[in-house]
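Novice: Questions regarding the structure given below will be posed in turn.
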Amino acid sequence: MTIKSGPASPNGVSNTSFRETNGFLEDYAVWNEAPVLIGTTKFEPLPDVKNIMITGGAGFIASWLVRHLTLTYPHAYNIISFDKLDYCSSLHNTRILNDRRNFSFYQGDVTNPSEVVDCLERYNIDTIFHFAAQSHVDLSFGNSYAFTHTNVYGTHVLLESAKRVGIKRFIHVSTDEVYGEVKDDDDDLLESSILAPTNPYAASKAAAEMLVHSYQKSFKLPAIIVRSNNVYGPHQYPEKIIPKFICLLDRSKPVVLHGDGSPTRRYLYAGDAADAFDTILHKGQLGQIYNVGSLDEISNLSLCHKLLVEMDIITAEAGSADLARWIKYTHDRPFNDHRYAIDNTKLRQLGWEQKTSFAEGLRVTVDWYRKYGHRWWGDITKVLSPFPVLAGREVISDHEPVSDHPQGGSDGQRKKRRIGEVSNDRANE
């Protein structure tokens, strides 16, 4: 394993300031104890692929692919994990690969052209998976400039750098949220559906896609776009609903739903997502778009019930009084899409299939967070609040009112202004 930012120590960390800057805790036991989780697919290696750069490689979904490709194709592919180590990433996610000859880590920022080009040239990169992005919708309402900078400008930097060095494959990871809200009685959306994002995060991802399209047309950049629905599983930073709620319940604290808990999301286990990206790498056609979608659609309120049962806090037959002890409510986002729904037929035609049921995936996820979640990222207390605010790399806990009953949406605009005010105040300190 190699690290760009200085000589690598035996534990894969370059220097003390590096650890302190990223709030990283050296805990050998936690990553050694945890199971090594990867996907299940394995294909005949591609002859024109050798050196694969995965941006955001120390984050959640990308780290699953980093581990999967490194361990599944040890003699075919060299995997370079490129990550700036933001608040939601951790070297724990890939530390098990430190002694693998085909794995390297490069600490860099996708918005820094010199670091991107240096990595591409140093490792003779021929294939890019672009995962690196600001992705937490709640934060995008009050910190939207950062989302535009990372998701749009960062993608532009990567595209321009890829053009410069002659990349053979550029796989851009987007989201189903670019389609916007889907009504209950509407058909699942195809890759050809109109993009209609409704929040700053989704809009930044749609804008990034437009840049990818432009480089395909103008410069013949060999690209593929992937739009995935919600992915869950071990290694996900606890700002997202499933790991956040598991961590709260494991601390004997109630979960807090935005609004009335009625919005639904489709969830795909991270191992199946890794298989999807592996399939697209080996079977996907350049110039195409692929939806990565699950059929496991669950409301936020139903998700809470499933977690409470899975964690043996209540029984499946528990009444409303038992639920009220563990489920609280606060106001909703400024706008909250009721549901997303994408059609995955095109990906299934490549041979991919969803293998992990939601019940099984949730069981594995709950078990992992109970055993390792409280040590993986250090102190995550502030992240577990209903509407945490990010100022730089510091997560600030909120103090929003919580009720035993569903909240109306009227406070949404006030919350939007409050987040913006807090973010600006912290940024100007």
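Novice: Can you work out the Karplus-derived ³J(HN,Hα) for every residue in the range 265-277? Use 6.51 cos²θ - 1.76 cosθ + 1.60 with θ = phi - 60°, whole Hz, and x for glycine or proline.
Specialist: With the stated coefficients, the range 265-277 comes to 9, 9, 10, 10, 5, 4, x, 5, 5, 4, 4, 5, 5 Hz.
Novice: Pull out a ≥ b ≥ c, the square roots of the eigenvalues of the alpha-carbon gyration tensor of the range 142-204, then state rounded if a/c is under 1.5, prolate if not and a/b is larger than b/c, and oblate in the remaining case.
Specialist: The shape class here is oblate.
Novice: Once label points are set 7 Å from the Cα along Cα→Cβ at both PHE219 and VAL36, what is their separation, rounded to one decimal in nm?
Specialist: 3.7
Novice: Cα gyration tensor of the range 136-295, axes a ≥ b ≥ c as square roots of the eigenvalues: rounded (a/c below 1.5), prolate (a/b > b/c) or oblate?
Specialist: prolate
Novice: What size of dipole, in debye to the nearest 20, comes out for the range 49-174 about its Cα centre when the only charges are +1 on Lys and Arg C-beta atoms and -1 on Asp and Glu C-beta atoms?
Specialist: The calculation lands at about 460 debye.
Novice: Of the listed pairs LYS42/LYS371; LYS253/LYS371; LYS50/LYS283; LYS163/LYS217; LYS84/LYS205; LYS42/LYS205, which have alpha-carbon separations greater than 21 Å here? Mind dumping the intermediate values first?
Specialist: Details: LYS42/LYS371 29 Å; LYS253/LYS371 17 Å; LYS50/LYS283 16 Å; LYS163/LYS217 12 Å; LYS84/LYS205 19 Å; LYS42/LYS205 29 Å.
Pairs exceeding the cut-off: LYS42/LYS371; LYS42/LYS205.
Novice: Now, a different point. So how far apart, in nm, are the two label points at ALA318 and LEU190 if each is 7 Å from Cα heading toward Cβ?
Specialist: Reported label-point gap for ALA318 and LEU190 is 4.4 nm.
Novice: Give the average over all directions of the projected area of the C-alpha convex hull of the range 222-374, one decimal, in nm².
Specialist: 10.1
Novice: Right, something else. Taking LYS168 as the anchor, which aspartates and glutamates have their alpha carbon closer than 13 Å to its alpha carbon, excluding any fewer than eight residues away along the same chain?
Specialist: Answer for LYS168, where 13 Å is the Cα cut-off: ASP48, ASP126, listed by chain and number.
Novice: Would the range 300-369 count as rounded, prolate or oblate if I go by the C-alpha gyration tensor, calling it rounded below 1.5 in a/c and otherwise prolate when a/b exceeds b/c, oblate otherwise?
Specialist: Details: a/c = 2.92, a/b = 1.47, b/c = 1.99.
Verdict is oblate for the range 300-369.
Quick note: the coordinates plus some simple rules give every number you see, no bench work behind them. In this text, all values refer to a predicted model and were calculated from it rather than measured experimentally. Cβ sites come from the backbone with ideal geometry, for glycine too, and all protein chains shown count toward neighbours.
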